[in-house]
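Below is one structure, written out as structure tokens; the observations come after it.
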Amino acid sequence: MHPLSRSVLRFEILSLGILLLAGCGGGVTYKKDRLVESLQEVLASEQLRGSVRFVDHTLAVHVEYPGTLVQSEGQIGIGPGFEEVSRKTTQSLHRVLLSSDAPVQFYVVLLSDPAVKGAYLTIVRYVDDIRRANANMLDTPEMLARTIFDLNVVEASPLTLEQYVPRDIRMEEFLSWQLSRRIQTTLIEALQNAGIAEVGRCGAEFHDGEFAFTLNVVPSGEKALDEDSVRRAFQASTKIIAKVLSSYRFNSFESVRLILPAMGRNVVVPKTSLEIFR
């Protein structure tokens, strides 16, 4: 996914009005060779105008809808129209994807508001997660944790799907995006809520068979993190990484690197050692 220029300061996921489950009729209703047109038609039946892009195993849709976002005092947040447009858009996607022979593995939803120029809310999901949720194999909290939400602004607007999704999404990229957010949540629970440290957005990348995660953890006071806090940060992060990679049965990597810039520390965990953290 094409990197956006800068992140918006505020993005609250309140009671997201996104349907995690969708009915799926038997057989193939939407053929691969008409996937784009079919989704556009289904969106139109919901009074939504969307541009659609299908590349390899990734389906992307952009919908502009009034009230999706609001801007106040230099910050951008969720608007009153977000619940309706997100529900209708994801419901349309699920209806098409779960009754199609197209080999789609990921979908990307890009939502924008004509009144808030340059701001885009992104939702990325792995289609097999949708199927598992539909079969009651994933509960709502886990499904939300597996969903990538991002709210960004770009300098050059309007943004096209060809610019934002220039190629197919790879599993290692999706897992990096998901894990960076889950690690942040885990560290907030383990350290920030205990008043030990402040936790910010964590970084992630995959290169040459290695996942590298940067833990954005800084001491709450003037003192450096003690060894116990450093150990808790590394152990809590490794545990969630092992759990998620195992749940996706992803084995195409050799190691995981955890970087703690505030302490100048990093730890490398070989793939063969992750099992003990599950």
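The values are calculated or read from the model by the stated rules, or taken from the named source; none is laboratory data. Remember, it's a predicted structure, so these values are computed and weren't measured experimentally. Note that we place each Cβ from the backbone using ideal geometry, even for glycine, and neighbour counts take in every protein chain shown.
Observations on the structure shown:
- Within the stretch 188-208, if we keep just the residues that are over 13 Å from Leu260 (Cβ atoms) and touching a strand residue (DSSP E or B) at 6+ places or on another chain (Cβ under 7 Å), the residue that is surrounded by the most Cβ atoms within 10 Å (Cβ to Cβ) turns out to be Ala204.
- Within the stretch 237-271, the residues that satisfy the criterion of being out of contact with any strand residue (DSSP E or B) (no Cβ under 9 Å at 6 or more places or on another chain), part of a loop (DSSP other than H, G, I, E, B) and not charged (D, E, K, R) are Phe250, Asn251, Ser252, Gly264.
- Members of the stretch 113-145 found to be closer than 15 Å to Tyr65 by Cα and of a type in the set (Gly, Ala, Ser), listed by number: Ala115, Gly118, Ala119
- Selected residue [within 22 Å of the chain's Cα centre (by Cα) and outside the structural domain of Met263 (by TED's automatic domain parsing)] from Glu210, Glu162: Glu162
- Enumeration of residues in the stretch 128-182 that are of a type in the set (Ser, Thr, Tyr) and more than 30 Å from Phe234 (Cβ to Cβ): Ser157, Thr160, Tyr164
- Number of the exception - Asn152 against (1) of a type in the set (S, T, N, Q); (2) farther than 30 Å from Asp113 by Cα; (3) modelled with pLDDT under 95: (2)
- Pairs with Cβ under 7 Å, 6+ apart, first in the stretch 236-247 and more than 10 Å from Glu275 (Cα to Cα), second of a type in the set (Lys, Arg) and assigned to a helix (DSSP H, G or I): Ile240/Arg182; Val244/Arg182
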